[in-house]
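The values are calculated or read from the model by the stated rules, or taken from the named source; none is laboratory data. From a predicted model like this one, the values you see are computed outputs, not experimental measurements. Using ideal geometry, Cβ is built from the backbone for each residue, glycine included, and neighbour counts are taken over all protein chains shown. For accessibility, only protein heavy atoms count, side chains too; no ligands or nucleic acids. Shrake-Rupley method; radii C 1.70, N 1.55, O 1.52, S 1.80 Å.
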Amino acid sequence: LFALLIVKIVLFFTVKPKVTVDYVAQFNKLSMPQNYDLNENAAQYYQKAFDAFVDMPEGLRKPYINWPADFNGTEQALLEKWLASNAQAFEYFREAVNKPYYWLERKSDRNNTVAGILPPELDLLNKLTKALVWNAKFHATGGQSQIAFEYILDCYRAGKQKCRPNLLLVEQLLGLRIKQDATYNALLILDKSRLDSGDLKSF
């Protein structure tokens, strides 16, 4: 019995357990929307938006500035040029948010465990929604409040797509953050802009 106990202790510390259940496949099955339709999935449009996206220039990355008019003249010109360079990405983004869901089949880097799933699209989605918020504020400063609010609502819809309960927690947290940013900046636009009753009612 003593020898058997020693063998069991040695095996406990030396033998690696073999994962026989494909937990990632189970997660994909659980997270897939009901009545899934490839044509209704926003993933392909988001990927096109990511591919067309141009990251924010270093000269505009100033955390203490959150309104276009607070940049100097050179920076405002750079902001306008950057936003124009993302026009195609914004178009794909709008197509994506008008789809009912955003689902991706996940893969794991660690023996089919959910802990090994890395969602690489989250960083790009975060940067893209921030760019759209800047685009909304840029239009608001030009008196185009209706267009500005359309971009804000697009961002909110993107956040909503990531807030489905069967997605990864990190996805849901990003979705909540995007919705929070959209709400905050909607209030900022309302505070900074002169809107008539028609625009307010529409929003």
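Restricting attention to the stretch 167-195, the residues that are of a type outside the set (Val, Ile, Thr), exposed (fewer than 15 other Cβ atoms within 10 Å of the Cβ) and under 20 Å from Asp123 (Cβ atoms) total 5. Summed over the stretch 145-166, the residues that are surrounded by fewer than 16 Cβ atoms within 10 Å (Cβ to Cβ), under 23 Å from Glu80 (Cα atoms) and among the polar types (S, T, N, Q) give a count of 1. Cβ-Cβ distances below 8 Å connect the following pairs, each with a first residue in the stretch 157-170 that is free of Cβ contacts under 8 Å to residues at least 24 places away in the same chain, a second residue that is in a helix (DSSP H, G or I), and a separation of six or more residues or different chains: Lys160/Gly175; Lys160/Lys179; Cys163/Gln172; Cys163/Gly175; Cys163/Leu176; Cys163/Lys179; Pro165/Gln172. Evaluating Leu200 against the criteria (1) over 16 Å from Arg106 (Cβ atoms); (2) touching a helix residue (DSSP H, G or I) at 6+ places or on another chain (Cβ under 7 Å) leaves one unmet condition, (2). For the stretch 104-125, taking the residues that are under 23 Å from Leu176 (Cα atoms) and surrounded by 15 or more Cβ atoms within 10 Å (Cβ to Cβ), the one that is modelled with the lowest pLDDT is identified as Ile117.
Tell me the residue from Lys81, Lys107, Lys137, Lys127 that is in contact with a Leu (Cβ under 8 Å, 6 or more places away or on another chain) and of a type outside the set (Gly, Ala, Ser), please. Give the steps one after another, and end with the answer.
On the way: Lys81 fails: in contact with a Leu (Cβ under 8 Å, 6 or more places away or on another chain); Lys107 fails: in contact with a Leu (Cβ under 8 Å, 6 or more places away or on another chain); Lys127 fails: in contact with a Leu (Cβ under 8 Å, 6 or more places away or on another chain).
Sole residue among the options that is in contact with a Leu (Cβ under 8 Å, 6 or more places away or on another chain) and of a type outside the set (Gly, Ala, Ser): Lys137.
For the stretch 17-46, taking the residues that are open to solvent by 90 Å² or more (accessible area, probe 1.4 Å) and assigned to a helix (DSSP H, G or I), the one that is farthest from Ile117 (Cα to Cα) is identified as Asn39.
Condition check for Leu78 on (1) at pLDDT below 95; (2) over 13 Å from the mean Cα position of the chain (by Cα); (3) of a type outside the set (Asp, Glu): one failure, at (1).
When restricted to residues that are open to solvent by 60 Å² or more (accessible area, probe 1.4 Å) and either among the β-branched types (Val, Ile, Thr) or without any contact (Cβ under 8 Å) to a residue 40 or more places away in the chain (or both), the stretch 63-72 contains 4. Against the conditions (1) open to solvent by 30 Å² or more (accessible area, probe 1.4 Å); (2) in contact with a Pro (Cβ under 8 Å, 6 or more places away or on another chain); (3) within 23 Å of Lys127 (Cβ to Cβ), Tyr101 satisfies every one except (1).
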